[in-house]
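**Student:** My structure is below; once you've seen it, I'll send some questions.
No value in this document is a laboratory result; all are computed from the given coordinates. Keep in mind the model is a prediction, meaning the values are calculated, not measured. We place every Cβ from the backbone using ideal geometry, glycine too, and count neighbours over all the protein chains shown.
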């Protein structure tokens, strides 16, 4: 009787230790996933800031030749497409992130082409409000690059943790899936760079 009781106690003790271990690993995964989602929130904030600046940019060119140019039309169309893309970070897939990145990348390239062709419109370069918006958009593009890198770093920490044995067992049981990464955009080396440092008032 005593031997059976001891066996039961030992079994229960082992089960308790396993449960405590699993809870500990689960909690780490929850924390790391929260870090990924927080980093994604900053990515969204910066994209939203850029989206909010573009209507001001368009409005500031009312009455100017560039307002009806193909460059401006491309920016407006790309923004409309980009603002339709939303992602739930807790259920993010590689396909969703790629579609999101492509839409936002099209907007970045449209802005880049607009900037490259500003020289054709001297009245625009002379407008202080327009130039201020240019600077704000450039700053946002820089912050976007930082935010995307931070997201990738957090996703890598999470992905590495849940792939290691025996963490992968807990991740599988509890439904933790690998997070996708931002990738180098196709044509990034040849796409116009958004850089207004060369634009000076005449």
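**Student:** Suppose R0 equals 30 Å. What FRET efficiency, 1/(1 + (r/R0)^6) with r the Cβ-Cβ distance, do residue 91 and residue 20 give to the nearest 0.05? Let's see the in-between values first.
**Tutor:** Working: r = 29 Å, r/R0 = 0.97.
With a Förster radius of 30 Å, E is 0.55.
**Student:** Which length gain, in nm to one decimal place, applies between residue 119 and residue 4 when the Cα-Cα distance is subtracted from 0.36 nm times their residue separation? Write down the numbers at each step before the final one.
**Tutor:** Values: separation 115, 0.36 × 115 = 41.40 nm, distance 8.86 nm.
Fully extending the segment from residue 119 to residue 4 adds 32.5 nm.
**Student:** In deg cm²/dmol, rounded to 500, what helix-only [θ] at 222 nm does the chain give when every DSSP H run of at least 4 residues adds -39500 (n - 2.57) and the total is split over its residues? Don't skip to the end; give the middle numbers.
**Tutor:** Working: 6 runs with 143 residues, N = 202.
Per the formula, -25000 deg cm²/dmol.
**Student:** To continue, here is another question. Compare the peptides 43-49, 16-22, 63-69 by average per-residue count of other Cβ atoms within 10 angstrom and give them in order, highest first.
**Tutor:** Working: 43-49: 17.1, 16-22: 11.0, 63-69: 13.4.
So the peptides 43-49, 16-22, 63-69, ranked by packing, come out 43-49, 63-69, 16-22.
**Student:** Separate question: If you fit an axis through the alpha-carbon atoms of helix 2-59 and take the longest principal axis of the Cα set of the chain, what angle between them do you get, 0 to 90°, nearest 10?
**Tutor:** For helix 2-59, the angle is close to 0 degrees.
**Student:** Separate question: Say each of residue 169 and residue 42 gets a label point 7 Å from the Cα, pointing the same way as Cα to Cβ; how far apart are those two points in nm?
**Tutor:** Each label point lies 7 Å from its Cα, and together they span 3.5 nm.
**Student:** To continue, here is another question. On a 0 to 90° scale, report how tilted helix 70-83 is relative to the longest principal axis of the chain, with both axes built from alpha carbons and the result rounded to the nearest 10.
**Tutor:** Approximately 20 degrees, to the nearest 10.
**Student:** So, one more: For the chain, take the longest principal axis of its alpha carbons; what is the angle in degrees between that and the long axis of helix 128-163, to the nearest 10 within 0 to 90?
**Tutor:** Result, in degrees: 20.
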